[in-house]
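Asker: I have a structure I would like to understand better, so I am pasting it below and will then ask my questions one at a time.
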Amino acid sequence: MINTETTSNISAAELQSLLAAGQCCLIDVREPVEHVEEHLPRALLIPAGELEKRCSEIDRTKPVVVMCRGGARGAKAAAVLQARGFTGVRNLEGGIMAWKAAGQAVSTSARKALPLMRQVQIVIGACVLAGALLAVTVDPRWVWLCAFFGAGLIFAGTTGSCGMAMLIEKLSWNNAPCKTGDSCCS
């Protein structure tokens, strides 16, 4: 269990000062689809699920600040980094929502996509509905399609790993090309 209680927070105003002086490495731990829609201009995107394996991309010579949408994922990510030997890691209190509420600028895109979990819910719901309708109208063995997706949901819920989300995340509309030099950590 990761202890998020030892994570210190940073306000939007404090972070703005650090960024303006080039004195921190800002890590956005949201998913690519969230980052594409809006992000802090110099944030390095490393989704929370990839953080442990991508720690080497983070500049250890600067203080590290993590951010997410509302602060919860950021606190967990900060705890992960601290467990990996990073010191003085801070979490943007209230995430990008607090950043915007403080009147700070974000980079936005006209490109909008549904959040990843909503996409997963739509695909699984459509497949279960199709399986049920086919089982009733064509052949009762189509019920196994429903069972397959039900088993997948149970697996995802018990392990925290959703194969459908991993597949959907790789689709072109969920991935934005990274802009070189658009990070405070590069």
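Asker: Being of a type in the set (S, T, N, Q) and within 30 Å of residue 13 (Cβ to Cβ) is the requirement here; does residue 161 meet it?
Answerer: no
Asker: Determine whether residue 104 is under 20 Å from residue 30 (Cα atoms) and touching a residue at least 40 places away in the same chain (Cβ under 8 Å).
Answerer: Considered against the rule, which asks whether it is under 20 Å from residue 30 (Cα atoms) and touching a residue at least 40 places away in the same chain (Cβ under 8 Å), residue 104 comes out as yes.
Asker: Let me ask something else. Within the range 82-91, is there a residue that is buried (at least 19 other Cβ atoms within 10 Å of the Cβ), among the basic types (Lys, Arg) and under 19 Å from the mean Cα position of the chain (by Cα)?
Answerer: yes
Asker: Condition test on residue 136, is it assigned to a helix (DSSP H, G or I) and touching a Leu at 6+ places or on another chain (Cβ under 8 Å)?
Answerer: Spelling it out, it is not the case that residue 136 is assigned to a helix (DSSP H, G or I) and touching a Leu at 6+ places or on another chain (Cβ under 8 Å).
Asker: Pick from 138, 120: which is among the aliphatic types (A, V, I, L, M), surrounded by fewer than 11 Cβ atoms within 10 Å (Cβ to Cβ) and outside the structural domain of residue 47 (by TED's automatic domain parsing)?
Answerer: Sole residue among the options that is among the aliphatic types (A, V, I, L, M), surrounded by fewer than 11 Cβ atoms within 10 Å (Cβ to Cβ) and outside the structural domain of residue 47 (by TED's automatic domain parsing): 138.
Asker: Answer yes or no: is there a residue in the range 56-65 that is surrounded by fewer than 23 Cβ atoms within 10 Å (Cβ to Cβ) and out of contact with any strand residue (DSSP E or B) (no Cβ under 9 Å at 6 or more places or on another chain).
Answerer: So far as the range 56-65 goes, yes, one or more of its residues are surrounded by fewer than 23 Cβ atoms within 10 Å (Cβ to Cβ) and out of contact with any strand residue (DSSP E or B) (no Cβ under 9 Å at 6 or more places or on another chain).
Asker: Residues 165, 147, 156: which one is surrounded by 11 or more Cβ atoms within 10 Å (Cβ to Cβ) and either touching a residue at least 40 places away in the same chain (Cβ under 8 Å) or not in a helix (DSSP H, G or I) (or both)?
Answerer: Only one candidate passes the filter, namely 165.
The values are calculated or read from the model by the stated rules, or taken from the named source; none is laboratory data. The model shown is predicted, which means the values in this text are computed figures rather than measured ones. Here the Cβ is made from the backbone with ideal geometry for all residues, glycine too, and neighbour counts use every protein chain on show.
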